[in-house]
Amino acid sequence: MNVSYMAHVSGKVQGVYFRASSQQVAIDHGLSGYARNLTDGDVEILMCGEQQEVNKMLEWLAHGPPQAEVDNIETKKVPWQEHHFFAIS
């Protein structure tokens, strides 16, 4: 079953390849969506795909890439959104 989740990740998550790493993890798990920097220094990530694969990405987001320091993640299930790839903006 396809699902969509929005994650708001805070901590040291900008300038540490968080979005690029998120894109690679999403591609590895067959997910679409996007990762984008927010003006407050956080990162917003939309993940769309199979629930099991979204769960794996959510687990990865808890620590992110080696340079990141994740302090908090807020996630919520959102209505299904059709995306054809995982973008960085």
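Karplus-based coupling profile of the range 41-50, in residue order and whole Hz: x, 8, 10, 10, 10, 9, 10, 10, x, 5, with θ = phi - 60° in 6.51 cos²θ - 1.76 cosθ + 1.60 and x standing for Gly or Pro. Converting phi to 3J(HN,Hα) with the Karplus coefficients 6.51, -1.76 and 1.60 and the offset θ = phi - 60°, the range 54-59 yields 4, 4, 5, 5, 4, 4 Hz in sequence order, with x at every glycine or proline. Phi angles of the range 3-11 translate, via the Karplus equation with coefficients 6.51, -1.76, 1.60 and θ = phi - 60°, into HN-Hα couplings of 9, 10, 10, 10, 10, 10, 10, 10, x Hz per residue; Gly and Pro are given as x. For the chain, the relative contact order is 47 percent, taking Cα pairs closer than 8 Å that sit 6 or more residues apart in sequence and dividing their mean separation by the residue count.
Return the calculated 222 nm mean residue ellipticity for the chain, to the nearest 500 deg cm²/dmol, obtained by summing -39500 (n - 2.57) across DSSP H runs with n ≥ 4 and dividing by the residue count.
Working: 2 runs with 22 residues, N = 89.
Rounded to the nearest 500, the figure is -7500 deg cm²/dmol.
The alpha-carbon of LYS76 sits under 18 angstrom from the alpha-carbons of these aspartates and glutamates, leaving out residues fewer than 8 places away in its chain: ASP42, GLU44, GLU50, GLU53, GLU59. Reducing the range 73-89 and the range 6-43 to their Cα centroids gives an inter-centroid distance of 11 Å.
Shape class of the chain from the alpha-carbon gyration tensor: prolate, with a/c at 1.5 or above and a/b greater than b/c. Among the chymotrypsin sites (Phe, Trp or Tyr not before Pro) within the range 1-71, those in coil by DSSP and having at most 16 neighbouring Cβ atoms inside 10 Å are TYR17.
No lab work stands behind these numbers, since they all come straight from the coordinates. Computed from a predicted structure; not experimentally measured. Using ideal geometry, Cβ is built from the backbone for each residue, glycine included, and neighbour counts are taken over all protein chains shown.
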